[in-house]
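Please read the structure below before turning to the comments.
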Amino acid sequence: MRRVFAMMPLLLIGTMPPAAVGAPLAHRETLPNGVRLLVAPRPAIPIVVVRAYVRAGSVFDSADAPGVANLTAELLTRGTAVRTGPELDRAIEFVGGGLEADAGRDGTSVTLAILRKDLDLGLDLLAEVLLRPTFPEDELRRKVAEIEAGLRRSEENPEIVGSRALARLLYPGHPYAQPVSGTVESVGKLTRAQVVEFHRARYRPDATVIAVVGDVTADEVRQSLGRRFSGWSAPPGLQPSVPMAPSSPPVVSERIARDLTQATVFLGRPGIRQDHPDYFALLVANYILGGGSASRLYTRVREDAGLAYYVGSSLAPGRYGASYTVSLQTRVDGVTEAVRLVKDQLARMGRGTLEERELELAKAYLIGSFPLRLDTSGKVAEMLTAIEEYGLGLDYPDHFKAQVAKVTRADVERVAAIYMDPATFSSVIVGK
Amino acid sequence: MPPHSIAAACPALALAVLTATALASAAPDVAETTLDNGLKVLVLEDHRSPVVSVQMWYRVGSRNELPGATGLAHFLEHMMFKGTPAHGKGEFSRLVEQNGGQDNAFTTQDVTSYYANLAADKIELALSLEADRMRNLLLEPKEIDSERQVVMEERRTRTEDDPDGLLSEEMNSLAFKAHPYRWPVIGWMEDIRRINPGELRAFYDAYYRPNNAILAVVGDVAAADVIARARRLFGSIPRGPEPPAVAAIEPPQIDERRVFVKKVGAQLPIVHVSWHVPNFQSEDAPALDLLSTILSEGRASRLYRKLTYERRLALSAGGDYSYFSLNPNLFWLYATPLPGQTPEALERALLGEIELVKNEPIPAEEIERAKNQIQASFVWRQDSVHSRAASLARFELLGSWRLAEKYLPAVLAVTAADLTRVARAHFPAERKNVAVLVPAESSPPATSPSPTTR
């Protein structure tokens, strides 16, 4: 076996001296063909999770064919040069494993979950579905019918309906405005040629990260993955560039009529990505506003007013844009009051109302709960691919803790005044 | 994640039920003790990460309720976060979060479970909070009324506005006549609206006692230390009277039962079919569990392969069997037709699969696959301290955490003849329950965006 990797030093961009430096999360190497490989041994339990992340999300769908990235991902496991779809199903399930492809906005992940003793089989299957899918026409028709029916059924779900509408408002003219799955109008028109071309152009080694977590060593992974992936080469040409989402889309209110006993409410505006200097301050501010069960929104809207079972806020960064969203569900006659309470809380965040104990709680939680974000092999694999894809560095746990610790009261109030200004939020209400 | 969720015995949880079985068959080193007041304490050391899962499981669920006061167990679960004299409203979760932890709870037909996952060196906090709220809840009328509104919102989200939730509720009340599995875990809306502080207090006093609880702790801790802490923090809580047993026994079903639910806003029909079946106490249970896996676990399973893939009848199809149910429960199949297919055709197809199991031996490969899937799920369950603690408690609820050691060998011993036998014994065509959700005729829910730029 030829040596295909150059071992790289693992301590990346250490921008600050953290108080206590932990070991890096994983070994990192780059294959000659550009595949970035991350290995995190967790030897106590004989299981392995392999997550391959390819920069091939719906953001690369052409405007006239939304849904291609998702259809391509769905069809990866429906037939390869070696096995038919049902044969793939039987092979992986016979060993009690799982092999699932999932398209997102920025990327598509293929996740293998398998017992250690069956790892060779699992890696064969993973390499097959990534490199040699055949996209049989009859499988495509089947999958299109399923996606169409799923889209129709999702109209029953006010959270999906509302979040799709919000994406249209927040990302006008940008691919993020389109649902990952495409639309009822677009999916039926997709062709095998479009899928084949999408796979050829987008599934490339220099756009791929593979994270391996579990009962393995870096040496054996280097061998077993190198054998299967070293023949993979990138097509000519560069990866396409995608424009950033608009930074200040018009503020719009939309109502979507549904005959339901509750209304689902979304308030949203552009957010920021992990590389923005305000990111950690906004994380802390968000936790105080609507992050946990001690948050202002939870306390006022749920505990005091009894207006909602769910109310919360979240920051969703993507590669090409980010959103900041508050959402809740309330009874039909509670909407006006709930929205008023939320807007009031948004406004108060930037007005010098911050209490020291709120700040300390938020920072203590964000720092202290970090280990719980890494408490299963699947979560570690997901974290590793995100760290690599968004350039966060393998010392991210230390970096994260240090950055959160540095956030001051003034930081929180400053970012809240910008990103929590109620006048900047568009809204979607799904209900009567 | 908002605290408080419901896990009813419903199809959506098929996977959870299956994986919940998973604890290594190789007996782990569980330290087990029963305090003088009856509290069962189980501790498993797991030093892979510096975290611990602390879980308190009370042997009370909706099966312990009475008509007219359904939803008490779940309502009380919500109130468990609303304060004691020592810790005010919301203080439990606030303290856990302040210490970098996450906490939540869920209620089922059989059990109410509370957990905190946090850094292992904060275990004292998690244990002392559980000890405090075991007997010291305030249950203030003002807080009860405010939380009542929250529970009603929860019911609207999960049931009124969710076709699957609605149909599952209808199936339970169709299939059960006498047993409390008849009503939904969250309770009927009118009961939630009416339940008074006295009833909550009486329910709390009856069931929240050390002798009715299981404390399961898994993580980066020393077992002896945890047990010593448990003794110190819980030891002085007096044993309570034994809670009343659930006396109701579901009478044999004598004929087919069927319900149609018309639902405005639903886009596609849903079909549920179920039969009354025995639980873990029966020798047939491992075969029923294996059969449920053969029918519905994964894309190679019979229902997906035949109904969704080959015949293109179903958008989705699956099943559920509650091996862990404290009283006999349902073996459940469900499916949603693809547009253009009828619920009648889908029902025939589901029943056809049951007849096939009765009449033709299941090939060895399918049996082997299902056994491997169940076995693998046991191993995966060890991946997190949370799932390990939940598994210990779940088996303990049935009598002993050691039952986990017997479960896997029993499933692996099931033969093709066993599968045929249990299918014939438990799935009589004339005693099935069928629930069908039909999208109601109404004006289509046209999206009427009225963009008004402010």
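The values are calculated or read from the model by the stated rules, or taken from the named source; none is laboratory data. Worth saying up front: this structure is predicted, and the values here are computed from it rather than measured. Counting neighbours? That spans all protein chains shown, and the Cβs are built from the backbone with ideal geometry, glycine included.
Might you let me know whether region A:72-94 holds any residue that is part of a loop (DSSP other than H, G, I, E, B), of a type in the set (A, V, I, L, M, F, W, C), buried (at least 24 other Cβ atoms within 10 Å of the Cβ) and assigned by TED's automatic domain parsing to the domain that holds A:LEU140?
Filtering region A:72-94 for residues part of a loop (DSSP other than H, G, I, E, B) gives A:77-78, A:81-83.
With the extra rule that they be of a type in the set (A, V, I, L, M, F, W, C), the set shrinks to A:81-82.
Within this subset, residues satisfying the condition of being buried (at least 24 other Cβ atoms within 10 Å of the Cβ) are none.
Within region A:72-94, not a single residue is part of a loop (DSSP other than H, G, I, E, B), of a type in the set (A, V, I, L, M, F, W, C), buried (at least 24 other Cβ atoms within 10 Å of the Cβ) and assigned by TED's automatic domain parsing to the domain that holds A:LEU140.
With respect to A:THR108, determine if the residue is touching a Pro at 6+ places or on another chain (Cβ under 8 Å) and either buried (at least 20 other Cβ atoms within 10 Å of the Cβ) or at the interface with another protein chain (Cβ under 9 Å from one of its Cβ atoms) (or both). I'd like the intermediate steps shown before the answer.
Numbers: touching a Pro at 6+ places or on another chain (Cβ under 8 Å): no; either buried (at least 20 other Cβ atoms within 10 Å of the Cβ) or at the interface with another protein chain (Cβ under 9 Å from one of its Cβ atoms) (or both): yes.
For A:THR108, the condition - touching a Pro at 6+ places or on another chain (Cβ under 8 Å) and either buried (at least 20 other Cβ atoms within 10 Å of the Cβ) or at the interface with another protein chain (Cβ under 9 Å from one of its Cβ atoms) (or both) - is not met.
Go through region A:106-131 and give me each residue that's in contact with a strand residue (DSSP E or B) (Cβ under 8 Å, 6 or more places away or on another chain) and over 30 Å from A:SER62 (Cα atoms).
The answer is A:ALA113, A:ILE114, A:LEU115, A:ARG116, A:LEU119, A:LEU121, A:GLY122, A:LEU123.
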Discussion item. Please return the ranges of helices (runs of 4 or more DSSP H) entirely within region A:127-219 where 2 or more residues are within 11 Å of chain B (Cβ to nearest Cβ).
Written reply: A:137-154, A:158-170
Worksheet item: Across region A:249-299, what is the total count of residues that are touching a residue at least 12 places away in the same chain (Cβ under 8 Å), within 13 Å of another protein chain (Cβ to nearest Cβ) and assigned to a loop (DSSP other than H, G, I, E, B)?
Response: 10
Worksheet entry | Residue list for region A:375-413, filter: within 14 Å of chain B (Cβ to nearest Cβ), touching a strand residue (DSSP E or B) at 6+ places or on another chain (Cβ under 8 Å) and not in a loop (DSSP other than H, G, I, E, B) | A:SER377, A:GLY378, A:VAL380, A:ALA381, A:GLU382
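What about A:PRO277, is it in the same structural domain as A:GLY391 (by TED's automatic domain parsing) and either farther than 30 Å from B:THR157 by Cα or surrounded by fewer than 22 Cβ atoms within 10 Å (Cβ to Cβ) (or both)? Talk me through it step by step, then tell me what you get.
On the way: in the same structural domain as A:GLY391 (by TED's automatic domain parsing): yes; either farther than 30 Å from B:THR157 by Cα or surrounded by fewer than 22 Cβ atoms within 10 Å (Cβ to Cβ) (or both): yes.
It is true that A:PRO277 is in the same structural domain as A:GLY391 (by TED's automatic domain parsing) and either farther than 30 Å from B:THR157 by Cα or surrounded by fewer than 22 Cβ atoms within 10 Å (Cβ to Cβ) (or both).
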Discussion item. Every residue in region A:381-403 that is over 17 Å from the mean Cα position of the chain (by Cα), surrounded by 21 or more Cβ atoms within 10 Å (Cβ to Cβ) and among the aliphatic types (A, V, I, L, M), please.
Written reply: A:LEU394
Worksheet item: Mind checking which residues of region B:329-388 are of a type in the set (Asp, Glu), within 11 Å of chain A (Cβ to nearest Cβ) and in contact (Cβ under 8 Å) with a residue 24 or more places away in the chain?
Response: B:GLU366
Worksheet item: What are the pairs, 6+ residues apart or on separate chains, where a residue within region B:296-316 that is facing chain A (nearest Cβ under 8 Å) has its Cβ under 6 Å from a residue that is part of a strand (DSSP E or B)?
Response: B:THR308/B:ALA314; B:THR308/B:ALA317; B:LEU315/B:THR336
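When you scan region A:51-65, how many residues do you find that are out of contact with any strand residue (DSSP E or B) (no Cβ under 8 Å at 6 or more places or on another chain) and either part of a helix (DSSP H, G or I) or buried (at least 24 other Cβ atoms within 10 Å of the Cβ) (or both)?
In the first step, residues of region A:51-65 are kept if they are out of contact with any strand residue (DSSP E or B) (no Cβ under 8 Å at 6 or more places or on another chain); the result is A:59-65.
Now restrict to residues that are either part of a helix (DSSP H, G or I) or buried (at least 24 other Cβ atoms within 10 Å of the Cβ) (or both): A:59-61.
The qualifying residues number 3.
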Worksheet, complete the sentence: Inside region A:315-336, the number of residues satisfying the requirement of being within 11 Å of chain B (Cβ to nearest Cβ) and hydroxyl-bearing (Ser, Thr, Tyr) is 1
Worksheet item: Taking region A:299-322 on its own, how many of its residues are among the polar types (S, T, N, Q) and buried (at least 24 other Cβ atoms within 10 Å of the Cβ)?
Response: 1
Worksheet item: Given the residues B:GLU250, B:GLU199, B:GLU190, which is the only one that is of a type in the set (Asp, Glu), within 26 Å of the chain's Cα centre (by Cα) and in a loop (DSSP other than H, G, I, E, B)?
Response: B:GLU250
Item to complete: Would you check which residues across region B:151-184 are aliphatic (A, V, I, L, M), within 14 Å of chain A (Cβ to nearest Cβ) and surrounded by fewer than 23 Cβ atoms within 10 Å (Cβ to Cβ) and list them?
Response: B:MET152, B:LEU166
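With a cut-off of at least 3 residues that are among the β-branched types (Val, Ile, Thr), name the helices (runs of 4 or more DSSP H) lying wholly within region B:95-179. Steps first, answer last, please.
Working: elements: B:123-135, B:141-155, B:163-175.
Output list reads B:141-155.
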